[in-house]
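One structure is given here, and the rest of the page talks about it.
Since every read-out is calculated from the coordinates, none of them should be taken as a lab result. Source: prediction; values computed, not measured. We place every Cβ from the backbone using ideal geometry, glycine too, and count neighbours over all the protein chains shown.
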Amino acid sequence: MEETGNLKRNVGFAYIALCIGAVILLFGSVYLINLLSTVYGIGVGATVQSLSDNAPIASQLVQFTAQSAALGEGVLESYITFFIAIALGAGAFVLLLNRKEVPTKAASKYTTLAAVLSLIFILLYYLVAENIPSAFIGLYAYLPYIGFLICISSVAYVEYVIRLKQPKKMHARKGAISLDPSTPFSNMLNLQSELMANLSGELKVVDKHFNSAAIVNLYRLISGYEGNFKKITVLTSREMMGMNFPVEVRDFSKELEASGIELDVRLMDENDKVEQHERFMMDQKSAYKMPPLNIINKRSEHVTKMSYKDADRRFSELMSRAIKIENYQLGKGRENI
């Protein structure tokens with residue numbers, strides 16, 4: 001998980017750079033507005049003075065009057081660049097506040113918007129600045145180009161991270177996630193990007209072989225997507241109640257609580273355990289058939305969608321007869337007295 005931590009940190013730096021780039025663009029738009037206002041004012045003033053005095057315009061002022069129409073339009077366009085820079089900066093700040101998670105495919109719409117705003121800004125800036133006499137162009141006029149490069153570079157890196165977390169999909173058939181036992185690491189990445197990234201709210205898992213190894217794999221699957229979930233409910237069988245399992249569930253629960261996630265692990269009724277062969281995972285909208293979580297990345301299987309209505313009905317039935325680990329342990333303790 002060290003790699004995920006590094007990605008989160010680097011993405012945070014990219015968001016900071018995007019904020020800095022937006023501030024530079026904002027400065028550039030203000031500088032452009034001031035510059036245009038000055039140059040436009042000189043041109044209009046020279047024209048008015050010439051008309052009132054019925055005298056020709058001084059040669060050194062001709063270029064200002066000749067471009068006064070274009071400069072006037074440029075003033076309006078410079079205000080547009082100002083508001084674009086404000087919007088870009090606000091978006092960058094919002095992304096910075098939500099930098100705790102590695103960005104997923106859903107974040108691409110924000111990176112695309114940031115790239116589009118940056119391009120529109122720099123194009124408008126260039127077109128407007130081209131009409132300003134070179135004598136008035138100072139070094140500050142070139143800062144927005146640097147800001148643009150910073151913004152585009154930051155967005156490109158975030159998009160790279162998104163693509164990194166979205167490995168090439170391997171579908172056996174439409175709607176199915178293919179798992180290859182020869183690529184256990186890639187299997188976990190595919191399950192993260194194709195399954196976990198699309199689930200949210202309360203995650204419900206029915207797996208009668210959910211044990212300590214399954215806890216490890218579940219942790220790996222939700223890593224980077226903790227913000228998607230508020231609660232995780234797992235239904236397993238009493239056979240999984242080894243010496244360490246309750247302790248590991250408790251430790252896992254504490255870590256999830258730190259991320260704002262409630263964990264509820266329950267044991268199926270003995271009769272349900274015998275009849276419930278199918279394993280599935282679901283949230284409030286979708287349900288998926290899946291292999292055992294303890295070996296999910298090492299089986300030649302497919303994760304496929306199933307009827308949400310059937311999954312929800314079955315989960316409710318199993319849940320109504322399931323028992324909490326604490327109550328099961330208490331009952332066992334009484335039996336041993």
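I need the calculated FRET efficiency for the pair Glu202 and Leu127, taking r as the beta carbon distance and R₀ as 41 Å, to the nearest 0.05.
0.20
From the Cα trace of segment 243-337, what convex hull volume per residue do you get, rounded to a whole Å³?
144
If I stretch the segment between Lys8 and Lys231 completely, what's the gain in nm (0.36 nm per residue apart, minus their alpha carbon distance), one decimal?
Difference between extended and current length: 78.0 nm.
Send over the Kirkwood Rh of segment 176-335, from the inverse of the averaged 1/r over different Cα pairs, rounded to one decimal Å.
Taking every pair of different Cα atoms in segment 176-335, averaging 1/r and inverting gives 15.9 Å.
Expected output is a single nm value to one decimal: the length gained when fully extending between Ser300 and Ser320, i.e. 0.36 nm times separation in residues minus the C-alpha distance. What is it?
Net length gain for the segment: 3.9 nm.
If you bin the C-alpha pair distances of segment 278-325 every 10 Å from 0, what whole percents do you get?
For segment 278-325, the pair-distance distribution reads 24, 46, 29, 2.
Put a dot 7 Å past each Cα toward the Cβ at Tyr160 and Val216; how far apart are the dots in nm?
For the pair Val216/Tyr160, the computed spacing is 3.2 nm.
Once R0 is set to 25 Å, what does the formula 1/(1 + (r/R0)^6) return for the Cβ-Cβ distance between Tyr145 and Ala90, expressed as a FRET efficiency to the nearest 0.05?
Computed FRET efficiency for Tyr145 and Ala90 comes out at 0.70.
Say R0 is 35 Å: what FRET efficiency, to the nearest 0.05, do His209 and Phe27 get from their beta-carbon distance?
0.05
Is the shape of segment 112-264 rounded, prolate or oblate, going by the alpha carbon gyration tensor and its root eigenvalues a ≥ b ≥ c, with a/c under 1.5 for rounded and a/b larger than b/c for prolate?
It comes out prolate by the Cα gyration axes.
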